[in-house]
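Here the structure is laid out as structure tokens; the discussion comes afterwards.
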Amino acid sequence: MKVVIDTNVFVSGIFWSGPPYTILKAWKGGKIEPVVSGAILEEYDRVALELSERFKHIDLSYWIKLISISATVVNVPEQSERICKDPEDDKFILCAEAADRAPVISGDKHLLDVDGYHGIEVLKPKDFVRKYLPTRKTSGGK
């Protein structure tokens, strides 16, 4: 399943446990396939560099390299129409649209507000995990 992962979800999955971590784990396990655009990769790089300077004990280069070589990169056409209240968030919707309306995983209010734009689903990490990555319960024992 192709998905677009907002920068905050991507970074949160590296630093903490919880749904963002579960999403990155699903990616590493081949259950989901991240889709990125050049603009998204640039933002991932920029944020990783900023965080690497502040948190020297965390190696973000591994994750940036992994997403650079394993994610599907799509070409996004120029867009003059503004989609989100924060135009910096438009790149995620445009990427999702170019990836045949892949869902966007984000906790960003501006992205969540445009859920349904051109048929694109925008989900909070916990909602994505609940809907698309349910855990199987096995019966213990006898």
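Here, each number is a calculation from the coordinates, and none is a lab measurement. On a predicted model such as this, the values are computed, not experimentally measured, just so you know. Positions of Cβ are backbone-derived with ideal geometry, glycine not excepted, and every protein chain shown enters the neighbour counts.
Would you work out which of Phe15, Val114, Ala96 lies farthest towards the positive end of the dipole of the stretch 2-132, given +1 charges on the beta-carbon of Lys and Arg and -1 on that of Asp and Glu, about the Cα centre?
Phe15
Rounded, prolate or oblate: which fits the chain, taking a ≥ b ≥ c as square roots of the Cα gyration tensor eigenvalues, rounded meaning a/c under 1.5, else prolate when a/b beats b/c?
Verdict is oblate for the chain.
Let's see if you can work this out: charge +1 on each Lys and Arg Cβ, -1 on each Asp and Glu Cβ, no other charges. What is the dipole magnitude of the chain about its Cα centre, in debye to the nearest 20?
1160
Considering only lysines 8 or more places apart in sequence, or on different chains, count the pairs in the chain whose C-alpha atoms sit under 17 Å apart.
17
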